[in-house]
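Quick notes on the structure that follows.
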Amino acid sequence: MSPLPFPEDLLVDILHICSLDSPFRHPGGGLYLQIDGVAMGSPLGPLFANYYMGFLENKVFKDNNNKPLLYARYVDDIFILVDSEKEILDLKKRFEENSVLKFTYENSNNHNQLAFLDTLVTKTVNGLTSSVYVKPSNTGVCLNAHSECPDRYKTSVINNYLLRAYNLSEDWSSFHREVTRVKQLLVNSNYANSYVDEVINKFVSRLVQHNKNEASVK
């Protein structure tokens with residue numbers, strides 16, 4: 001890694017200014033200083049969280065024998081695969097003993113399923129499968145087709161739904177179910193069936209062509 005183009009002490013001072021000396025105005029008009037934590041919405045928040053969690057993991061997992069069968073993390077959300085709940089409690093205890101954080105956990109349901117962010121992970125006899133997870137509180141609200149904005153924004157909304165469905169779906173059957181759900185959601189938001197179908201067909205065609213190109217390279 002290349003050395004910093006300025007002294008480390010200067011970097012520390014800059015981070016202190018950005019995180020501890022950030023003024024903000026209260027809705028009532030008063031001016032305050034951030035003296036603990038990081039201001040909501042600051043790009044430093046995820047950076048500090050990732051750094052702190054990485055530091056914590058290095059302490060807790062010094063011995064590789066202490067690692068779960070599967071350990072995956074996104075910022076401060078962790079997905080693990082273990083043989084028993086005792087292992088979860090033990091890991092929770094070690095994390096809390098080595099940090100100032102408090103951890104909660106959730107087990108998989110009776111169908112061997114557990115939601116991790118926007119992914120529903122299902123345990124089967126052959127391993128783990130994934131599909132798109134939609135929270136029960138999700139109202140299906142998205143950019144309305146009647147909104148006064150460029151059409152490319154509306155096309156982007158559809159493509160983002162399709163890309164997420166493709167990336168998270170284990171197979172084409174799961175992908176098709178999610179696309180069917182998304183299409184109804186878009187129609188409810190005043191997108192024309194023909195317009196949605198056109199974007200879907202172009203997306204799938206690009207996927208097919210991409211897969212053909214990859215196969216020919218191999």
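For region 48-111, with all protein chains in place and a probe radius of 1.4 Å, 48% of the accessible heavy-atom surface sits on carbon or sulfur.
Listed values for region 54-61 are Karplus-derived 3J(HN,Hα) couplings in whole Hz (6.51 cos²θ - 1.76 cosθ + 1.60, θ = phi - 60°), namely x, 4, 5, 4, 4, 6, 6, 9, and x replaces Gly and Pro. Remark: spin-label model distance T104-D118 equals 2.2 nm, labels positioned 7 Å along the Cα→Cβ axis.
In this simple spin-label model, placing a label point 7 Å from the Cα along the Cα-to-Cβ direction at both D63 and L31 gives a separation of 5.5 nm.
The value given for the chain is a Kirkwood hydrodynamic radius of 22.0 Å, derived from the mean inverse Cα-Cα separation.
For the chain, the per residue solvent-accessible surface stands at 72 Å², with DNA, RNA and ligands left out and a 1.4 Å probe. Percent of C-alpha pairs per 5 Å bin in region 103-218, short distances first: 2, 10, 17, 19, 17, 14, 10, 7, 4, 0. Here K67 is the anchor, and the aspartates and glutamates within straight C-alpha reach of less than 13 Å, apart from those fewer than 8 places off in the same chain, are E57, D83, E87, D90.
Within region 1-127, the percentage of alpha carbon pairs spaced more than 21 angstrom apart rounds to 57%.
Backbone phi angles across region 162-179, fed through the Karplus curve with coefficients 6.51, -1.76 and 1.60 (θ = phi - 60°), yield HN-Hα couplings of 5, 5, 5, 4, 5, 5, 9, 7, 5, 8, 5, 5, 5, 4, 5, 4, 5, 5 Hz in residue order; Gly and Pro are listed as x. Rounded to whole numbers, the Karplus 3J(HN,Hα) couplings from phi for region 117-126 are 6, 9, 10, 9, 9, 10, 8, 10, 5, 9 Hz, using 6.51 cos²θ - 1.76 cosθ + 1.60 with θ = phi - 60°, and x at Gly and Pro.
The values are calculated or read from the model by the stated rules, or taken from the named source; none is laboratory data. Quick caveat, the model's predicted, so the values are computed rather than measured. Quick reminder, even Gly has a Cβ in these numbers, built from the backbone with ideal geometry, and neighbours come from all protein chains shown. The protein model used for the area step is the full one, side chains on, heavy atoms only, and it has no ligands, DNA or RNA in it. Shrake-Rupley method; radii C 1.70, N 1.55, O 1.52, S 1.80 Å.
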